[in-house]
Amino acid sequence: MEVQMCTPSDDNLIIIESLHVSGIHKLSVSTQVYRRVYGICHSQDVYFDDEKLNKPLSGLQILQNFLSGGDRVTTQPTGEERVITRYIGSRNYLKPVGDLNVNNELGKALSKDYYLGRLGQLFAYGADPIPDVKLFGNASITFSMPGNGAYPVAVAVYDSATGNLSQVLDPVEKKRMILELVK
């Protein structure tokens, strides 16, 4: 077994959001947005006293490293990249009146999605590296249903260097990404 570290990169992040909608009181609509963010990490081999580790550090090695100022453990990049899960979680929205076709201020207020927070979130993993980049509610993003009674899903790649969000529209590529990432 080799001991490796993995340093996350925010260069390109993959976002997958799926919508789970339910009706409340025949009028209101509740939407839970399940969100997954994946990123690339750069692998590094770990060395203790210039010897590559093939098992985790022992208690004695940890103590020796601490007492010597922390310079006995070093890393070297391997050149390998891996995909890692950066965040999994959900957000909740409520639309007081689902299908209201009124163009006055009251109608617009009643047919708008209101963010309720993370109510009912059974689990969350990690910290969202791009919490302000959302697919649900973004007018340029479309959600589609892959079939078999599945929920609407959108997949996009975010380039943090440019701030560009590009949706994966090709159904074959989208399905491949979901199958490879969501295991």
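The values are calculated or read from the model by the stated rules, or taken from the named source; none is laboratory data. Being a predicted model, the structure only gives us computed values, none of them experimental. Glycine also receives a Cβ, built like all others from the backbone with ideal geometry; neighbour counts cover every protein chain displayed.
What is the residue count in segment 139-166 for residues that are closer than 12 Å to L13 by Cα, of a type outside the set (V, I, T) and either free of Cβ contacts under 8 Å to residues at least 24 places away in the same chain or surrounded by 13 or more Cβ atoms within 10 Å (Cβ to Cβ) (or both)?
Qualifying residue count, segment 139-166: 8.
Just to verify a result, which residue in segment 40-65, among those that are in a helix (DSSP H, G or I) and loosely packed, with under 11 Cβ neighbours inside 10 Å, is nearest to the chain's Cα centre (by Cα)?
G59
How about segment 20-63: which of its residues are β-branched (V, I, T) and out of contact with any Phe, Trp or Tyr (no Cβ under 6 Å at 6 or more places or on another chain)?
Within segment 20-63, V21, I24, V29, I40, V46, I62 meet the criteria.
Those residues that are of a type in the set (G, A, S) and either farther than 19 Å from Q44 by Cα or in a loop (DSSP other than H, G, I, E, B) (or both), I need them from segment 66-98; list them, please.
Result: S68, G69, G70, G89, S90, G98.
Applying the selection to segment 105-146, what residues are among the small types (G, A, S), part of a loop (DSSP other than H, G, I, E, B) and modelled with pLDDT of 70 or more?
A124, A127, G137, A139, S140
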